[in-house]
1. Among the residues of the stretch 139-187 satisfying the criterion of being among the β-branched types (Val, Ile, Thr) and surrounded by 14 or more Cβ atoms within 10 Å (Cβ to Cβ), which is nearest to Tyr203 (Cα to Cα)?
2. Considering each of Thr216, Thr221, Thr227 in turn, give the residue that is open to solvent by 50 Å² or more (accessible area, probe 1.4 Å), among the hydroxyl-bearing types (Ser, Thr, Tyr), assigned to a strand (DSSP E or B) and out of contact with any Phe, Trp or Tyr (no Cβ under 8 Å at 6 or more places or on another chain).
3. Among the residues of the stretch 188-200, count how many are part of a strand (DSSP E or B) and either in contact with a helix residue (DSSP H, G or I) (Cβ under 6 Å, 6 or more places away or on another chain) or surrounded by 15 or more Cβ atoms within 10 Å (Cβ to Cβ) (or both).
4. Check Cys205 against each of (1) modelled with pLDDT of 95 or more; (2) surrounded by 15 or more Cβ atoms within 10 Å (Cβ to Cβ); (3) over 23 Å from Asn61 (Cβ atoms) and name the one condition it does not meet.
5. Name the residue that is modelled with the lowest pLDDT, counting only residues in the stretch 100-136 that are of a type in the set (Ser, Thr, Tyr) and part of a loop (DSSP other than H, G, I, E, B).
6. Consider only pairs whose beta carbons are under 8 Å apart and that are at least six residues apart or on different chains; among these, list those whose first residue lies in the stretch 207-231 and is over 19 Å from Ser158 (Cα atoms) and whose second residue is part of a loop (DSSP other than H, G, I, E, B).
7. Which of the residues spanning the stretch 71-99 are surrounded by fewer than 22 Cβ atoms within 10 Å (Cβ to Cβ) and either of a type in the set (Gly, Ala, Ser) or outside any strand (DSSP E or B) (or both)?
Amino acid sequence: MKTKTLLGILLLYLFVIGVIPTTAQEKEYFTTSKCKQRIESMQRPFMMSFSLGSNFNTGGNDYSEWFGSRADVATQFNMRMNVAFARNWFAYFDLGLSFYKIQTDDLVQNIGNSLLDELFPGLSKIKPSVALGVSYIVEKNRWQLMPRAGIGWLSAGSSDKSKTIDGKTTRLEIDRTPIFFNAGTSIGYRTSNKCSVILDVSYRCPMQSCKAIHTTTLPDTPPVIVTKKSHSWANDLSVSIGIQLQMDLKKNK
């Protein structure tokens, strides 16, 4: 809850410093020069956006007794940078933070996460991701449409645990770090030349399955290996709102 509050305050602060000063500037501008176009189209823009919203689990919880499960809806925060390399075309870098707890039957892991949350509230819920790709922009007056596509990586936690009882060794390896394909779009409304209010929709689809490998070893016998695969992780849809800060790199040269 504290994490959501801090992120909300951050977005509100960025919105205030981006929108309120420009509102005053627009009033002065239209008073002195009503004939000129206020919003200028940028030739080589650099854009940075901050958004906060909901992350919906669209992949279910395959083999939850092995991988654990997550909530159907979680909080999602994204910071995205877009750098133009040609007219209307951008390369983008996206840093995402999903906030949800993985529910498992592992008592030791649950106790460890509880202790971690006592020391650093909400830390065990953070599931970071990064993505790189290409986006395109279409502008009409104050409106912006920016579809994008890329490839990313999610870290939802991995573990490797083993125990030996009466000569019998069991080992469980769990990997929840899939590579995913990302497709999304941002719809923006420019409140000024330097700031836009955006609605962002983003979908992640795993390009590889996560694996859980259970190995049982007895003396003088071949190991017994059981493998389960899950496509639930990095299979989600996010809907967020936020602000986008922008500047024209060519104009400043």
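The values are calculated or read from the model by the stated rules, or taken from the named source; none is laboratory data. Predicted model only: the values in this text are computed from it and were never measured. Positions of Cβ are backbone-derived with ideal geometry, glycine not excepted, and every protein chain shown enters the neighbour counts. With ligands, DNA and RNA removed, areas are computed over all heavy atoms of the protein, side chains included. Shrake-Rupley method; radii C 1.70, N 1.55, O 1.52, S 1.80 Å.
1. Step one: list which residues in the stretch 139-187 are among the β-branched types (Val, Ile, Thr), which gives 151, 164-165, 169-170, 174, 177, 179, 185, 187.
Right, trim to surrounded by 14 or more Cβ atoms within 10 Å (Cβ to Cβ) and you get 169-170, 174, 177, 185, 187.
Details: Thr169: 41, Thr170: 37, Ile174: 24, Thr177: 17, Thr185: 9, Ile187: 15 Å.
Here the answer is Thr185.
2. Working: Thr216 fails: open to solvent by 50 Å² or more (accessible area, probe 1.4 Å); Thr221 fails: assigned to a strand (DSSP E or B).
Criteria check complete, one pass: Thr227.
3. Here is the first cut: in the stretch 188-200, the residues part of a strand (DSSP E or B) are 188-190, 195-200.
With the extra rule that they be either in contact with a helix residue (DSSP H, G or I) (Cβ under 6 Å, 6 or more places away or on another chain) or surrounded by 15 or more Cβ atoms within 10 Å (Cβ to Cβ) (or both), the set shrinks to 188, 190, 195-200.
Final tally of qualifying residues: 8.
4. Single failed check for Cys205: (3).
5. Taking the stretch 100-136 and keeping what is of a type in the set (Ser, Thr, Tyr), we get 100, 104, 114, 124, 129, 135-136.
Checking the rest, the ones that are also part of a loop (DSSP other than H, G, I, E, B) come to 100, 104.
Details: Tyr100: 92, Thr104: 76.
The qualifying residue modelled with the lowest pLDDT is Thr104.
6. Thr216/Pro223; Thr217/Pro223; Leu218/Gly167; Pro219/Gly167
7. Scanning the stretch 71-99 gives Ala71, Asp72, Ala74, Ala84, Ala86, Arg87, Asn88, Ala91.
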